[in-house]
Structure formats: C-alpha cells, structure tokens
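The structure appears right after this line, and notes come after that.
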Amino acid sequence: MSAEKNEFAAAGCQIPASLFARPDRLLFACGRRDERLHSAVFREAVPDIEIHKEQGFAMKTKNEKLLQWVAETAALCKPDAIQWCDGSQAEYDALFKQMVAAGAATPLAKRPNSHLFRSHPSDVARVEDRTYIASRTQAEAGPTNNWIDPVELKKTMSGLYDGCMRGRTLYVIPFSMGPVGSPIAKIGVEITDSPYVVVNMHVMTRVGDKVLETLGENGEFIPCLHSVGAPLAPGQKDVAWPCAPIEKKYIAHFPEENLIWSYGSGYGGNALLGKKCLALRIASTMARREGWMAEHMLILRLTNPEGRRFHVAAAFPSACGKTNLAMLQPSIPGWKCECIGDDIAWMKIRADGRLYAINPEAGFFGVAPGTSFKSNPMAMETIRSNTIFTNCVLTDDGDVWWEDMNVECKHGLDWKGQDWTPDMKDAAGKPVKGAHPNARFTAPARQCPVICPDWEDPNGVPIDIFVFGGRRSKLVPLVSQAFDWDHGVYMGATAASETTAAALDVKSAIRRDPMAMLPFCGYHVGDYWQHWFDMGDKLGAKAPKIFYVNWFRKSPEGKWLWPGFRENARVLKWMCERVEGKVDAVQTPVGFIPKPGDLDVGGMQIDAADMAELMRIDVEGWKSEVPEIEAYLGKAGDRLPARMRAQLAGLKKRLGL
C-alpha cells in the first residue's frame, strides 16, 4: 500500500493512518465466493469477510481503481457490512422493508409503494454555509463560494470519517448521470451509510450492474463519499433520522480531483451526491475544462399546431415555478408540451454545430408545498405511486398533505410527527405549517404523464431557446428577449429572485442568482460567465435565443398581474414565434418586449391595464437598480469579463445614465 500512500501524499491528501489499517471484522455481502474479490488491494484492505449468501448481492466489477477506493473507505469508516447495490426492485423493496421495521419510513395507505420520512429539524435543506468548493486556490473558487484549503479540509473530514459507519452498512452505489452509455453522460459511485440515500438514488439516477458494465475495468468515475455522521455503539438503538450537529456538517467538493465528500447530513441535496454536488458543482468545472455546459435548467419540448418542435432550457431558482413549467399543459389550443427534465441540463455541441441537451437525472426531487392539481396537475399524477415523501403531513387516512395542495386536511401528524390541525397558531399568533416549506417528493420521471418520448435519447435534444427568470414583484416585465447572445448572458448573470426555503441559511430578501447557479457553480463566477461567452462564440449563428421572464409581478396594490401556470404557455408561444421570425418586437432599454396584440391572450380574462403594467418598463426604477448591479458584478474583480462590463455600459447608456 506504500505506493498508494505516496500517491495520496502527492495529491496533498492528509489522511489518518487508519485509512490503511486492517479492520478487525467486516461483512461483505455478495452472492458467490468466487466473485467476492477481484483485487489484491481489496484483499489486503479487508481480509476477514463473512459471506451473506442469502442477500444475493454480488460485487460485479474488476475496476481496480473502484475496488481500491471502496477498500480504503471501508478501512477508514469501519462499517459492519458492505453492500454493492445492483439497482433492482428487490433491493429497493428490501431496503424499504428494513426502514419501515426500524420506524424510519411510514408506508402510505393511499399511495401504492410510497413512503413518508421525517427528517431531524436541523436537517431540512441545503446548508450553504457548510458547503465548500475546496479548489487548490481560493482565487479559483471565487467570491460566491465558501473555500477551505483542501489539505486542511481533508484532514478535518478524514478525522470525522474515521469510524463513522460503525454499526451501519456501507452501501456502494454505481450510478449514471444521464442515459447509460450516452456520450454526454458521466458515471459516479456513491458510498453511503444511509439506506434513505440508496432508495432515493434508485429513483434519481440509473443505478446498478449496467453502470458497472459500462464503466469496465479501466473507466473513470466520480467518487462520492457520504456519511450521516452517526456511528452506533454495540447495542445502541438507531434514531429515525440520523445526522450530525450542524457544526459537523460538511458538503465538500474538490474540483481538480472530481471528488465529493459529504458528512453529517441526510437531506437530499447534501446526501444524494449525484444531484447538485455532481450534476452541477463538479460537472460545471468538468464542463468548463471539456467545452460543454452543466446548467440548473429544466428542459421541455413545445410543439406548435404545424408540428414544429421547439426545445427550451430554462433556469429558475428553487420554488419559482420551474417544475410547474417543465410539466406545463398549454392553455392554447393546438400547442403541446412534453417534459424532458425539471432541474438540470447537460449540453454539448454536436457535429451540426447546435447545442444538444440531456436530462442527467432519472427522477424528480420536487418541492411539495404549492404543488396542486391547479399549479401542476402532471406532477400530482406523477406522485400517485412509487414515490418517496419527506417532511409532509401524514393524514389520518394514510396519505400525505402540504400547504397549498388545495385539498382539505382537518387533522394529521405534522413534519415533526406531532398532532396538527390547520387552525393551530404559534406563540406569535402565526399559523403553524403542517409540512415543512421545503418538504419534498422523489418520483420516477417515467411516471410523468407528459414525459417526452425522447427524454432518454442518449444524443440529447437540440436547444432553440434559453429562458432565465426569478421571482420579482415589480420592475421586471413579464417577458423580454435579449438583443443578442452577450446581452442574454448579462440577463442571466444579473438574474434576481426572492429567496426560498431550499437554502437554510440565506437571510436577505432578494439575491442575485446568476443563471440560477449561485449555490451550484463549482468555480469562479467570473470565469463561469466567460465560459458562457466562449460557448456563444463556438455556437455563432446557431446559438439558442435568450429570454427573461417574471411570472410574479404585482400591481401597486399587491395583486398578482399574471395568472401563471397553464397560461405561461402564451409567453413561450411568443418566444417560438420570435425564433421563427413571425412577430416583431418593441425595443426597450432592457430588451425586446412583445408588441401590443402579439402576445396571445385570447380567451383569457385579463384587464388591459394589467397587461400594460406587466410590460411597463420603469426607467427610473431601472436606473436606481444600476448601482447595485454594478457593485454585484464588481465582486468578480479582475475576472469580470470585459464583455460583461460592455453590457453594463450599454444598459447605462440606454437608460440615459
């Protein structure tokens, strides 16, 4: 093992000697004795293994790098058992049987093969102040990321990992982000001690033997190490949601190594490491190096009455209607919308010069509160069965409930497991919510009634339109189109939205959220913007058109001006007509907006004055926003692209500043 020690030392990885120690006893769950070991390194690291033949699991890889990593991790974390996940239904069912018996999961009588979990109150959302981009230099991480020296962080976390899986099973989850074998897909392997993570990864990614076959003996994978950080002493009873105290939670990314370490949290975004950690933070750095794009975007197909298809990729912060838009059911006769993905897009330029996108995920990890048959009927249909719910109300008849579901719930157990009624008030007289504002559902994408037939096309779909947006109650019009690619990059870079419950520790009311990637860009934001400019140069005339939307504008009296939901298709229709050159537009200081009468509102009951207010450009209001935008862009320092400076100068000129 000395060569391996030297390799780790050369990489600056300071780890305890216990990483290479022989564990006293490990159970390796596999199927046949002749398959149990393929690696001399593995034999040296974990020599004393008892075979659990009845479990039927087998290690089916000869990838030495993977076997070595698993062995080293087992030696460090010291689990009671190791289980290689095969992605089967039998495995999924067995894990749920285990979690139900332990009191961690509650079966739902009203929803077949569906379960409810309740997290610890400290473990309900992304913890952005405990999330780190541990690049080799702080300058590379940039001003929008938390940075710790990677050597020091590995030293700290290795100390936490030492023995952290005692009393638990170490699960090895081989998974593919994207259709297995796609030229855009990437393979990851997550090691975790959480069966909750395993079943969620079953839904959110492609897990199992096919992934290992594709990986082969010499294939590259992204290692993702996770622990809930709650070792069990002999005889100690487990809790329903094990996790570490907030000060011991770490979600760490090492971009130069394509490496993810997470400790102490069981919550989705912190623990399902294929999602934000790999698919955005690490993938964004890989995309920059390799010349593609990893973006926080939904993907949908819109087909007009003539049969022409348009593919739209759209970026919104959490809880700003992204999943609703991804599963849109147009209110306009003759138009059809199909969902390809609701959260993440990986995009590469193909031989024809166009940008093609895949959804790297296999499921939906959606915000439950606010989801209803009014806001998103397709999501409601999707989650009728085979769904994992977290932090919702458990109703008396064995169903789940949440605020703004538009269904009555007279009594239930709230997300903390306590009796709840809708008339309850806290000490300040405010209503007590039954579901946590960031309550979630995890559901297979294949169950969506409007899933696109090509959603798993390994080559992806060609993107025609980019959409940026956020939640702003004033100033920003319903829709505007960028003057050109560079202006569109500026639009995305300066996108702003009211904050959401998905981020636990964000206190400000409004934050700039560049391309909805503020919590997810794995490197310096100035370099990220430059990468967008560079991609535009490569795409040239074949670049997607860029638009900005704001469904959330209010009147001075606080009334919603736009009905949203299905009616948002009318805005997308105008975008498609702009791409086709069918309609003209009005030039304003902030972009092109629809000419009066060009936005199809036929059959809607919307006041002409409200439409005018939705499109009104408040020049003085925009002028007052410029200093804040200037200061925000200035945070990029000397890495702010010159082309971004030029865009800001252009805006000031158009506003008369």
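The values are calculated or read from the model by the stated rules, or taken from the named source; none is laboratory data. Only a predicted model underlies this, so the values are computations on that prediction, with no experimental measurement involved. Please note: Cβ atoms are built from the backbone with ideal geometry, for glycine as well, and neighbour counts cover all protein chains shown. Accessible surface areas use protein heavy atoms only, side chains included; no ligands, DNA or RNA. Shrake-Rupley method; radii C 1.70, N 1.55, O 1.52, S 1.80 Å.
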Residues that are under 22 Å from Leu95 (Cβ atoms) and of a type outside the set (S, T, N, Q), at least 3 per element: which strands (runs of 3 or more DSSP E) completely within the stretch 376-456 meet that? 440-444
Unique residue being at positive phi and open to solvent by less than 30 Å² (accessible area, probe 1.4 Å) when the list is Gly603, Gly621, Gly591, Gly597: Gly591
I'm checking my understanding of the structure. Among residues of the stretch 109-154 that are basic (Lys, Arg) and within 17 Å of Ile260 (Cβ to Cβ), which one is most open to solvent (accessible area, probe 1.4 Å)? Arg136
Residue match in the stretch 418-435 (condition: within 25 Å of Leu272 (Cα to Cα) and open to solvent by 10 Å² or more (accessible area, probe 1.4 Å)): no
For the condition under 18 Å from Arg136 (Cα atoms), at pLDDT 95 or above and surrounded by 19 or more Cβ atoms within 10 Å (Cβ to Cβ), what is the one hit in Leu302, Leu273, Leu259, Leu280? Leu259
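Is it fair to say Glu220 is within 22 Å of Leu280 (Cα to Cα) and open to solvent by 10 Å² or more (accessible area, probe 1.4 Å)? Give the derivation first.
Values: within 22 Å of Leu280 (Cα to Cα): yes; open to solvent by 10 Å² or more (accessible area, probe 1.4 Å): yes.
So Glu220 fits the description; yes.
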Failed condition for Asp399, given (1) open to solvent by 30 Å² or more (accessible area, probe 1.4 Å); (2) under 21 Å from the mean Cα position of the chain (by Cα); (3) more than 27 Å from Ile299 (Cα to Cα), with all others met? (2)
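Report yes if some residue within the stretch 286-296 is surrounded by 24 or more Cβ atoms within 10 Å (Cβ to Cβ) and outside any loop (DSSP other than H, G, I, E, B); otherwise report no.
Applying the first criterion (surrounded by 24 or more Cβ atoms within 10 Å (Cβ to Cβ)) to the stretch 286-296 yields 294-296.
When the remaining residues are screened for being outside any loop (DSSP other than H, G, I, E, B), the result is 294-295.
For the stretch 286-296, residues surrounded by 24 or more Cβ atoms within 10 Å (Cβ to Cβ) and outside any loop (DSSP other than H, G, I, E, B): present.
Can you tell me which residues in the stretch 471-496 are among the aliphatic types (A, V, I, L, M) and at pLDDT below 95? Quick ask: steps written out before the conclusion?
Looking only at the stretch 471-496, we keep the residues that are among the aliphatic types (A, V, I, L, M), and these are 475-476, 478-479, 482, 489, 491, 493, 495-496.
Within the stretch 471-496, Leu475, Ala496 meet the criteria.
Condition first: modelled with pLDDT of 95 or more, open to solvent by less than 10 Å² (accessible area, probe 1.4 Å) and over 18 Å from the mean Cα position of the chain (by Cα). Can you find one or more residues in the stretch 314-324 that meet it? It would help to see each step written out before you state the result.
So the first thing to find is which residues in the stretch 314-324 are modelled with pLDDT of 95 or more, and the list is 314-315.
Subsequent filtering for residues that are open to solvent by less than 10 Å² (accessible area, probe 1.4 Å) retains 314-315.
The next check asks that each one be over 18 Å from the mean Cα position of the chain (by Cα); those that pass are none.
No, the conditions are met nowhere in the stretch 314-324.
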Which listed residue is in contact (Cβ under 8 Å) with a residue 40 or more places away in the chain and closer than 30 Å to Gly602 by Cβ, from Pro519, Pro563: Pro563
Ile260 in contact (Cβ under 8 Å) with a residue 24 or more places away in the chain, touching a strand residue (DSSP E or B) at 6+ places or on another chain (Cβ under 8 Å) and closer than 19 Å to Ser88 by Cα: no
Name the residues in the stretch 436-468 that are under 17 Å from the mean Cα position of the chain (by Cα) and either within 30 Å of Gly591 (Cα to Cα) or open to solvent by less than 10 Å² (accessible area, probe 1.4 Å) (or both), would you? Asn438, Ala439, Phe441, Thr442, Ala443, Pro444, Ala445, Phe468
Against the conditions (1) more than 25 Å from Phe533 (Cβ to Cβ); (2) assigned to a strand (DSSP E or B); (3) touching a helix residue (DSSP H, G or I) at 6+ places or on another chain (Cβ under 6 Å), where does Ser331 fall short? Just the number, please. (2)
Return the residues of the stretch 182-217 that are part of a strand (DSSP E or B), touching a residue at least 60 places away in the same chain (Cβ under 8 Å) and open to solvent by 10 Å² or more (accessible area, probe 1.4 Å); say none if nothing qualifies. Lys186, Arg206, Val207
Scan the stretch 232-249 and tell me whether some residue there is among the aromatic types (Phe, Trp, Tyr), open to solvent by 10 Å² or more (accessible area, probe 1.4 Å), over 20 Å from Asn438 (Cβ atoms) and over 16 Å from the mean Cα position of the chain (by Cα). no
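Collect the residues in the stretch 644-657 that are in contact (Cβ under 8 Å) with a residue 60 or more places away in the chain, within 20 Å of Asp527 (Cβ to Cβ) and surrounded by fewer than 18 Cβ atoms within 10 Å (Cβ to Cβ), keeping them in residue-number order.
Within the stretch 644-657, the subset in contact (Cβ under 8 Å) with a residue 60 or more places away in the chain is 644, 646-648, 650-651, 654-655.
So of that shortlist, the ones also within 20 Å of Asp527 (Cβ to Cβ) come out as 644, 646-648.
The answer is Ala646, and nothing else.
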Can you name every residue in the stretch 198-217 that is in contact with a strand residue (DSSP E or B) (Cβ under 8 Å, 6 or more places away or on another chain) and within 17 Å of Phe96 (Cα to Cα)? Val198, Val199, Asn200, Met201, Val203, Met204, Val207
